[in-house]
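These notes are about the structure you will find just below.
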Amino acid sequence: MAWLFLAQLLIQILRIHAKVPAIIVFGDSSVDSGNNNQVQTILKSNFEPYGRDFNEGRPTGRFSNGRLATDFISEAFGVKPVVPAYLDPTYHITDFATGVCFASAGTGYDNATSNVLSVIPFWKELEYYKEYQKQLRDYLGHQKADEVLSESLYLISLGTNDFLENYYILPGRRLKFSVEEYQSFLVGIAGNFITELFQLGARKISLSGLPPMGCLPLERTTNILSRRDCVEKYNNVAGDFNGKLQELVVKLKKELSGIRLVLTNPFDILLEIIQSPHSFGFEEAAVACCATGVVEMGYMCNKFNPLTCADADKYVFWDAFHPTEKTNWIVADHVVKHSLAEFL
């Protein structure tokens, strides 16, 4: 894996002077490192072939063949190579003191989204964070813990499920909101979340935009009449939503004195990878590695399917909804250099 050698080299260069004692993560399956393992939901990935390319091939609950973008960001900042899940009983506050993940696959800004598959709602992630603060203060003492909390880098990544799992699938929100109104509704929740996080001591915060969600293999599969091209309507919604998030960032930076808030936008780099996969060393962007690569994720992506690809590094997507480890590294490298560099 030549890309992995390059990744390790770049990480050594980037990790030189970072003053970030911990990486703290909120969000959905794009960043869930195993919390759903402990939740009564069908949306899990704690079985083979998930995780087959790291952790000695043992699945962790990450929706990928390997590490997530947040793991690579943590390593780039010189913290640690993986960000552990808060609900994982094999980890303790000694591990969480340098980074922790509260994310839950299948969740969204909207509480109604988390209800679809019975996963952890976004507000509950913040409650877990408050528990974590108390544990950290008990472990490090108030002064040291408060220093860690204020200097840590907070990564927030969610929103795709609100549209693809909720708004465009179930009638409830569509009957109440136009898509523009729903975008504003979600942005309002994001603003309230960041404001409360700031009031709890967070200062360095990255808010992630949406990917080109119309190009996910699962969405392309449903676009049969257009020969499985990307669903441009969904991509346009993602682009518009990202614009509203950028407006939110500008607004909050004026209102919250001392906050260092950035929008980390994966849309352009992912679209470039999908449109020109060979330029990034990939062979396939329209279908995923696991099983047939068109609809499978979670329990439909399992070790008994003989169609799963042999080399995930040739694929942009691991399952029909989530990127491969290689894609995660490329995206992480891009956002560290272009969005998170001010925190290095």
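The values are calculated or read from the model by the stated rules, or taken from the named source; none is laboratory data. Because the structure is predicted, anything quoted here is derived from the model rather than measured. As a convention, Cβ positions derive from the backbone with ideal geometry for all residues, glycine included, and neighbour counts pool all protein chains shown. Surface accessibility is based on the protein's heavy atoms, side chains included, excluding ligands, DNA and RNA. Shrake-Rupley method; radii C 1.70, N 1.55, O 1.52, S 1.80 Å.
Isolated cysteines in the chain, defined as those with no second cysteine Cβ under 4.7 Å, comprise CYS101. With both partners inside the chain, how many of the DSSP beta bridges are antiparallel, as a percent to the nearest 5? The answer is about 5 percent antiparallel. Label sites at ASP240 and SER184, each approximated as a point 7 angstrom past Cα along Cα to Cβ, lie 1.2 nm apart.
Projecting label points 7 angstrom from Cα along Cα→Cβ for TYR91 and ASP311 puts them 3.2 nm apart.
The residues of segment 151-279 have, on average, 44 Å² of accessible surface per residue, using a 1.4 Å probe with all protein chains present. Projecting the Cα positions of ALA69, GLY258, VAL148 onto the charge dipole of the chain (unit charges on Cβ atoms of Lys, Arg, Asp and Glu, taken about the Cα centre) puts GLY258 furthest along the positive direction.
How high is the relative contact order of the chain, in percent, counting Cα pairs under 8 Å that sit 6 or more residues apart? Relative CO of the chain lands at 19 percent. Legend: distances between Cα atoms for LYS19/LYS337; LYS176/LYS244; LYS124/LYS251; LYS130/LYS253; LYS80/LYS134; LYS130/LYS176; pairs beyond 27 Å are LYS130/LYS176.
Cross-link reach is defined here as a Cα-Cα straight distance under 21 Å, omitting same-chain residues fewer than 8 places apart; for LYS314 the lysines meeting it are LYS303, LYS326.
For the chain, the membrane-span-like helix rule (DSSP H, alpha carbon extent of at least 24 Å along the helix axis, mean Kyte-Doolittle at least 0.0) picks out 179-199; this says nothing about an actual membrane.
Using a 1.4 angstrom probe on heavy atoms only, work out the carbon and sulfur share of the accessible area of the chain in %. Accessible surface attributable to carbon and sulfur in the chain totals 54 percent. For the pair ASP138 and HIS338, label points projected 7 Å from Cα toward Cβ lie 4.3 nm apart.
Rounded to the nearest 500 deg cm²/dmol, what is the calculated helix-only ellipticity per residue at 222 nm for the chain, with -39500 (n - 2.57) per DSSP H run of length n ≥ 4?
So the calculated ellipticity at 222 nm is -12500 deg cm²/dmol.
Extension gain for LYS80-GLU255 works out to 59.7 nm (0.36 nm per residue, less the C-alpha to C-alpha distance).
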